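Enquirer: The structure that follows is given in the form of structure tokens.
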Amino acid sequence: MSESTEIVSKVLALSHCLLNKSIRWWQNNKSIEKNRGLATQLIEFVSRLNVGIIQLPCPEFTHCGNPRPPRTKDEYEMLPGFMEHCNKLARLTVEQIKTLVTMSRRPRIEILAVIGVKRSPSCAVNSAIRRIFSNKNVEEEGLFIGILRREMLRENLNPQFLDFDFDNPEEIKGDLIKLFSKC
Ligand code: SF4
């Protein structure tokens, strides 16, 4: 392979709980299995695609710990200090990602996609519920993912953003196959 041939190594950035379910929101009547291990179906599938993985921070756990009260997107937005916390985490994360990208010449590291978590007030890509009238909900990006996306764009990082659904773990596979078939 000549010196001028570009060699690329692809990486996915995953929401924290996809690799570590222990920090997910805890409820006393919930099965402990929801808070143990990792998102097995996704990780097994991704490992066959020959990509690297980086783990994003969990904004809710690092601000509120566990157990934490159930909160909607609006409630997290109003929670004192939470938006500042998300901003700080997003800036640090983008700095780390930018270092990976700018310091890698051979192989060049490419951040192919960010994978968030469906319906999460913080980490959903486009399925966080916001109540706009007393009886009407809309689906939006989560608070942390929204800031992360804007900070990444500011640094000219423009990966795809996909949602993983813990209730339907197979759903994302089609999107990932499409993504990899374009590479
Ligand atoms: S979805 Fe985001 S905020 Fe919720 S547990 Fe996972 S990483 Fe934390």
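The values are calculated or read from the model by the stated rules, or taken from the named source; none is laboratory data. Worth saying up front: this structure is predicted, and the values here are computed from it rather than measured. Every residue, glycine among them, receives a Cβ derived from its backbone with ideal geometry; neighbour counts consider all protein chains shown.
Enquirer: Of everything in segment 1-26, what is assigned to a loop (DSSP other than H, G, I, E, B) and either within 13 Å of the ligand (Cβ to nearest atom) or acidic (Asp, Glu) (or both)? Give them in sequence order. Let's see the steps before the verdict.
Expert: To start, the set of residues in segment 1-26 that are assigned to a loop (DSSP other than H, G, I, E, B) comprises 1-7, 15, 20, 24-26.
Matches in segment 1-26: Glu3, Glu6, Ser15, Asn20, Arg24, Trp25, Trp26.
Enquirer: Could you check Ile129 against (1) buried (at least 21 other Cβ atoms within 10 Å of the Cβ); (2) out of contact with any Pro (no Cβ under 6 Å at 6 or more places or on another chain) and say which number it fails?
Expert: Answer for Ile129: the failing condition is (1).
Enquirer: Right, next: Working carefully through the options Pro59, Pro69, Pro80, Pro107, find the one that is surrounded by 12 or more Cβ atoms within 10 Å (Cβ to Cβ), out of contact with any Pro (no Cβ under 6 Å at 6 or more places or on another chain) and not basic (Lys, Arg).
Expert: Values: Pro69 fails: surrounded by 12 or more Cβ atoms within 10 Å (Cβ to Cβ); Pro80 fails: surrounded by 12 or more Cβ atoms within 10 Å (Cβ to Cβ); Pro107 fails: surrounded by 12 or more Cβ atoms within 10 Å (Cβ to Cβ).
Of the residues listed, the single one that is surrounded by 12 or more Cβ atoms within 10 Å (Cβ to Cβ), out of contact with any Pro (no Cβ under 6 Å at 6 or more places or on another chain) and not basic (Lys, Arg) is Pro59.
Enquirer: Output the residues belonging to segment 85-121 that are farther than 15 Å from Pro159 by Cα and touching a Cys at 6+ places or on another chain (Cβ under 7 Å).
Expert: If the condition is that a residue be farther than 15 Å from Pro159 by Cα and touching a Cys at 6+ places or on another chain (Cβ under 7 Å), then Val117 is the only one that fits.
Enquirer: Taking the conditions exactly as written (more than 13 Å from the chain's Cα centre (by Cα) and of a type in the set (S, T, N, Q)), does Ser47 satisfy them or not?
Expert: Answer is yes for this residue.
Enquirer: Has segment 35-48 got any residue that is in a loop (DSSP other than H, G, I, E, B) and more than 12 Å from the ligand (Cβ to nearest atom)? Break it down into steps so the answer makes sense when it comes.
Expert: Initial filter on segment 35-48 (in a loop (DSSP other than H, G, I, E, B)): 36-39.
Checking the rest, the ones that are also more than 12 Å from the ligand (Cβ to nearest atom) come to 36-37.
Looking through segment 35-48, at least one residue is in a loop (DSSP other than H, G, I, E, B) and more than 12 Å from the ligand (Cβ to nearest atom).
Enquirer: For segment 76-88, does any single residue satisfy the condition of being of a type outside the set (D, E, K, R) and within 15 Å of Ser22 (Cα to Cα)? It would help to see each step written out before you state the result.
Expert: Taking segment 76-88 and keeping what is of a type outside the set (D, E, K, R), we get 76, 78-83, 85-87.
Subsequent filtering for residues that are within 15 Å of Ser22 (Cα to Cα) retains none.
No: zero hits.
Enquirer: Can we say Glu95 is out of contact with any strand residue (DSSP E or B) (no Cβ under 9 Å at 6 or more places or on another chain), buried (at least 16 other Cβ atoms within 10 Å of the Cβ) and charged (D, E, K, R)? Before you say what the answer is, go through the steps one by one.
Expert: Values: out of contact with any strand residue (DSSP E or B) (no Cβ under 9 Å at 6 or more places or on another chain): yes; buried (at least 16 other Cβ atoms within 10 Å of the Cβ): no; charged (D, E, K, R): yes.
When the stated conditions are applied, Glu95 does not pass them.
Enquirer: Tell me whether segment 134-147 contains one or more residues that are among the hydrophobic types (A, V, I, L, M, F, W, C) and at pLDDT below 95.
Expert: Looking only at segment 134-147, we keep the residues that are among the hydrophobic types (A, V, I, L, M, F, W, C), and these are 138, 143-145, 147.
This time we only want the ones that are at pLDDT below 95, so: 138.
Scanning segment 134-147, I find at least one residue that is among the hydrophobic types (A, V, I, L, M, F, W, C) and at pLDDT below 95, so the answer is yes.
Enquirer: Among all residue pairs at least 6 apart or on different chains, which show Cβ distances below 9 Å where the first residue, located in segment 111-130, is more than 11 Å from the ligand (Cβ to nearest atom) and the second is β-branched (Val, Ile, Thr) and assigned to a loop (DSSP other than H, G, I, E, B)?
Expert: Final answer for the pair search is Leu112/Val51; Val114/Val125; Ile129/Thr72; Arg130/Thr72.
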